[in-house]
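The structure appears below as structure tokens.
Taken together, the values in this text are just the output of simple stated rules run on the coordinates, not laboratory data. Computed from a predicted structure; not experimentally measured. For neighbour counting, all protein chains shown are included, and Cβ atoms are generated from backbone atoms with ideal geometry for every residue, glycine included.
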Amino acid sequence: MAISHTMNWPKDHRIMANIQKRIESILSSAVVAAFGQEHADADPLINPTKDPKFGDYQANLAMGLAKKVGQKPRDIATTIVENINEPEFFEKIDIAGPGFINLTLTQNTINDSAENILGDLDRLAIAKTEDKQTVVVDFSSPNVAKEMHVGHIRSTVIGDALARIFDFLGHDVIKQNHVGDWGTQFGMLIQYMDEMPDEDKAAHESGQGDTLNTIYQKSKKRFDEDADFATRARERVVALQAGDEDTLAVWQKLVNESETYFDSVYKRLGVSLTLENIKGESFYNPMLAKVIEDLKTADLLKVSQGADVVYPEGFKDRDGNPMPMIVRKSDGGFLYATTDLAAAHYRIEDLKSDRIVYVTDSRQSQHFAMVFQTLREAGWAPFNVRLDHVPFGTIMGKDRKPFKTRSGETIKLVDLIDEAESRAIKILADKNPDMDEAVAKDVAHTVGIGCLKYADLSNDRIKDYIFDWDRMLSFDGNTAAYLQNSYVRCMSIFRRGEIDPASLAGAKIMAVEAAERLIVLKLLQLPNVLQSVADSLEPHRLCNYLYELASLYHSFYEKCPVLKSEGETKTSRLALCLLTATTISHGLALLGIDTPEQM
RNA sequence: GUACCCGUAGCUCAGUUGGAUAGAGCAGCUGACUUCUAAUCAGCAGGUCGCAGGUUCGAAUCCUGCCGGGUACGCCA
């Protein structure tokens, strides 16, 4: 009987699939057995090794234990190894260097682990979290009446990926699109629309005339140039805030039109946001007065130069004095800080969130730090509620200045999408001229949008990055096209061999070649990678992982013939192809990126 | 002026939260296509990890101070 059947696996096959956790638990037990219960909390510091010559995993805790225990690290490592009670799990255990414990898994452990994933392709044997949280993800947040532009893409794409990953890990995700649907700018906009000639209005509504964006720009121009108009516009702001019915009706129309437009952009981008996720600034209007009141009750509210402010602890202005955060202007108006406080309060109290994640650009870091601090001081965000700002850098042109058109204008998001698709069409026509035209268009959409989004996700988000069409659409390197192609290549084997992937259910896997073993080891890392994305809020870690997996697959493809092999070897290799393909497409899906069936 | 972020190969970027000889892609060079693949693979070359200290058995990673770049600092969001 195979050793695997005698092993003491946990009952839940998904927990079992997380080999690294399993090794951590084995090593922890060994440490307790060797040095006592007081070391039960010591992190065994298990990591996949960088080089196969060090085995599959390494445990790095012996060096750190040296001082606490008063022994030499290598001796400690030896004692730990002697106390490992599941030697059948490991083929080989070596002690190297200052006290690294190098662990090599047995062939059976490798094979069983891979088979386990094969038996659960929907979740790739990844367990849902045992610590389920309600996570609010605040992202995208475009402004009503304005066109979405290049500046919106990062928040939208990063936020969507994070929401998908939280959801997959088993959390309750509440997506919130905090659209800018309120503010003084609506006064001039509404007034301008009111004064528009009927035929212009009709043209606009039929989609033939000026877009909302253009109307916005014209109204701003008029506001700046025409003092009488400006006065009427200001009166409109007052009317809007006072709840004047006619004014509100125009406002509502603007909002609805914009939201329909946002929705169309999200659909083209393949972003999971819907109209139901929209909770604009106006939603919090009725709560703002109460925010001020509660701040006063909490004794946090101060008056400075006629404005209501709070002084969150730990912030100093340029003169070294406490730095205020204005929550009500001297004219009585509220600000975005007030709205953010109200929104957070609502999310914690009404939505019952355990964690709030704000995906906005890094320039707002200080703002959110002050808002978070105020929420803590006011007691609205207890310390078991986690608040995260997810800052990201600017998209730069090749000149290292913020990405603009040649004439210096802001780039519309839809233009970016159009160009991604048209460039993808050209590339595909060049590489695969025989493809059916309708199919090619479809594939170009998947590849073009995929590459556009992946470029945003694959960089460390905190850094500015340089936008380069050629690089992002390249089939070489860390791009969506490379990963999508890897998937297509995996699956084309099944087509060519006329094999139904479903026939591999329950297949036996024997990852004996070095290249095969490396793939399985990489597959086993996925749960840890996803967890690290959820902790760090850095989707590029998943991108790197997928790229490494795809690279390993290409090496395997080179060294290990699949269709030309026979019998059990062939079945096993087909299974590895299927596992790789599924992991790549699933991983891309978690990033909000689709996978074509051919390229 | 204060705070935060960034600085890694010619270029664009990773570096598993402190681990072993710092890795990819592009560009350059060398090989491999009647093949499940050239939309790729194997390899060569390319480094003062901005600089200087410090902590540590061990630092690109943590701390301090400089240098350079960016961003934010009262009634916009």
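Label points 7 Å out from Cα along the Cβ direction at A:Glu130 and A:Ala429: separation in nm?
My value for the distance between the label points is 5.7 nm.
Just list whichever of A:Lys50/A:Lys564; A:Lys21/A:Lys68; A:Lys175/A:Lys352; A:Lys146/A:Lys221 have alpha carbons separated by over 22 Å in the model shown.
Flagged as over cut-off: A:Lys50/A:Lys564; A:Lys21/A:Lys68.
Counting Lys +1, Arg +1, Asp -1, Glu -1, what net charge surrounds A:Val447 among other residues with beta carbon under 15 Å of its beta carbon?
-1
Compute the distance from the alpha-carbon center of region A:211-275 to that of region A:493-521, in whole Å.
56
Quick check on chain A: of the DSSP beta bridges with both residues there, what percent are antiparallel, nearest 5%?
Close to 55 percent.
Per residue of region A:365-372, what does 6.51 cos²θ - 1.76 cosθ + 1.60 with θ = phi - 60° give for ³J(HN,Hα)? Whole Hz please, x for Gly and Pro, Karplus curve as stated.
Once θ is set to phi - 60°, the couplings for region A:365-372 become 4, 5, 4, 5, 4, 6, 4, 4 Hz.
Compute the distance from the alpha-carbon center of region A:565-599 to that of region A:349-387, in whole Å.
Each part reduced to its Cα centre gives a spacing of 40 Å.
As an exercise, use a Förster radius of 22 Å and the Cβ-Cβ distance of A:Ser565 and A:Ala505 to find the FRET efficiency, rounded to the nearest 0.05.
0.65
Before rounding to the nearest 500, sum -39500 (n - 2.57) across all DSSP H runs of length at least 4 in chain A and divide by the residue total; then give [θ] at 222 nm in deg cm²/dmol.
Result for chain A: -17000 deg cm²/dmol, rounded to the nearest 500.
Loop only per DSSP, at most 16 neighbouring Cβ atoms within 10 Å: give me the chymotrypsin sites (Phe, Trp or Tyr not before Pro) in region A:380-452, ordered by residue number.
A:Phe383
Pairing the Cα long axis of helix A:540-559 with the longest principal axis of chain A, what angle in degrees results, from 0 to 90 and rounded to the nearest 10?
That helix lies at roughly 40 degrees to the long axis.
Could you state the angle between the C-alpha long axis of helix A:245-269 and the longest principal axis of the C-alpha atoms of chain A, as a value from 0 to 90 degrees rounded to the nearest 10?
30
Nearest 10 degrees is fine. How inclined is helix A:73-82 to the longest principal axis of chain A, computing both from alpha carbons?
70
Report relative contact order for chain A in percent, whole number only (criteria: Cα-Cα under 8 Å, sequence separation at least 6).
For chain A, the relative contact order is 14 percent.
Roughly what would the spin-label model give for A:Val238 and A:Asn384, points 7 Å off Cα along C-beta, in nm?
About 4.9 nm separates the two model spin labels.
Figure the gain on full extension for A:Gln71 and A:Ala40 (residue separation times 0.36 nm, minus the Cα-Cα span) and round it to one decimal in nm.
9.4 nm
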